[in-house]
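This report refers to the structure that appears directly beneath it.
The values are calculated or read from the model by the stated rules, or taken from the named source; none is laboratory data. Remember, predicted model here, so these are calculated numbers, not experimental data. We place every Cβ from the backbone using ideal geometry, glycine too, and count neighbours over all the protein chains shown. What goes into the accessible areas is simple: the full protein's heavy atoms, side chains included, and nothing from ligands, DNA or RNA. Shrake-Rupley method; radii C 1.70, N 1.55, O 1.52, S 1.80 Å.
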Amino acid sequence: RPRVLSGIQPTADSFHLGNYLGAVRQWVTLQETHDAFYCVVDLHAITVPTEPAALRRRSRVAAAQLFAAGLDPERSTVFVQSHVREHTELAWVLICLTGMGEAARMTQFKDKSAKFGESAASVGLFTYPILQAADILLYQANRVPVGADQKQHLELTRDLGQRFNHRFGDTFTLPEPHILKEVEKITDLQDPTAKMSKSSSSPAGILDVLEQPGPLRKKVMRAVTDTGSEVLFDEENKPGISNLLRILSALTATPIPELVARYEGQGYGTFKKDVAEAVEATFSPIRERTEKLLSDEAELDRMLAIGAERAAAVAKETMALVRERVGFLPTL
Ligand code: AQP
């Protein structure tokens, strides 16, 4: 079976619709056909200032949400990144293979550091994509299901893997991104040209998986649209309506042209109500299962320990090869 790996940051108290449609839903599908590894990337989360109690809580919430969304611990290896020490070890080796200019081209660093001012941003935030390359290469992943914002990081991963292979001998599998065009960028409900984001969307622009039905409905009903009244897919002139069409299409498995025909002459109100219902219908069972999983922390931690053990077995094998290839002396 080909191998798949992906990760999600525990940087908020819930995932949002963009994370779900752009990434997590694919993870669930891919576990049927792939040897699947999915991690809660807490090492990535600390690249920006993070409060320890919040990190602990969010890491458990993230893991619970992944199981609640449909990841089966029998079929998928679900683990917490910091439990497998090889991630940081391989990251160091790859950092030493990365050019300063190459790292400086990463647009996510530019976007995220803009918030602090570039000189106040941590070196960790700068090297974030290299740690991500280590996450992927460590597992010899063939495919990486992500949203469009991760395309550039995936290219860097391939470049670094290739560079290592060229310099030290064939070691790493070069991964392909797995990006679904239809849901690669779910946008902010209040700013429909910007990506919906855990850290940069305002609460009104973001639909959290763990949110209660009432607030969810309100946010959809208040989503920014345009002065027209026709439900049409037109990214340029109707980015808000186009985003809602993409969401409804993905959640109900209905092609966009069919939705456009269905809402012809009906105005935005009915359409938005149906979007809100589809979101609620998807999120409610996930929210309920997440709450149940979180009510037994010991069991959740046990599930994550099993995941870490399975992940570490693969990671150790790759790292042994890397150490030998790089020229580190064996430990006796
Ligand atoms: N709006 C989005 N549309 C489609 N996919 C998205 N993803 C994120 N936002 C959207 C995908 O979700 C996965 C996990 O994301 P992450 O936790 O690594 O963080 P991110 O990409 O940086 O997303 P956020 O929400 O903006 O989080 P913060 O604010 O913590 O950085 C990834 O596969 C991503 O592509």
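Structure notes:
- Within region 231-259, being β-branched (Val, Ile, Thr) and in contact with an Asp or Glu (Cβ under 9 Å, 6 or more places away or on another chain) holds for VAL231, ILE241, THR252, ILE256.
- Selection status of VAL279, out of contact with any Lys or Arg (no Cβ under 6 Å at 6 or more places or on another chain), open to solvent by less than 10 Å² (accessible area, probe 1.4 Å), farther than 30 Å from HIS87 by Cα and touching a residue at least 60 places away in the same chain (Cβ under 8 Å): yes
- Residue list for region 222-245, restricted to those being open to solvent by 30 Å² or more (accessible area, probe 1.4 Å) and hydrophobic (A, V, I, L, M, F, W, C): VAL224, LEU232, PHE233
- Looking across region 154-201 at every residue that is touching a residue at least 60 places away in the same chain (Cβ under 8 Å), within 16 Å of the ligand (Cβ to nearest atom) and part of a helix (DSSP H, G or I), the one that is farthest from ILE46 (Cα to Cα) is identified as GLU182.
- Restricting region 202-221 to residues that are under 19 Å from LYS112 (Cα atoms) and outside any helix (DSSP H, G or I), the residue that is least open to solvent (accessible area, probe 1.4 Å) is ILE206.
- Helices (runs of 4 or more DSSP H) (entirely within region 226-332) containing at least 1 residues that are more than 30 Å from THR193 (Cα to Cα) and of a type outside the set (Gly, Ala, Ser): 267-294, 297-326
- Any chance LEU131 is in a loop (DSSP other than H, G, I, E, B), open to solvent by 10 Å² or more (accessible area, probe 1.4 Å) and either closer than 19 Å to VAL322 by Cα or without any contact (Cβ under 8 Å) to a residue 24 or more places away in the chain (or both): no
- Subset of region 22-57 (residues that are surrounded by 19 or more Cβ atoms within 10 Å (Cβ to Cβ), of a type in the set (Lys, Arg) and under 15 Å from THR11 (Cβ atoms)): none
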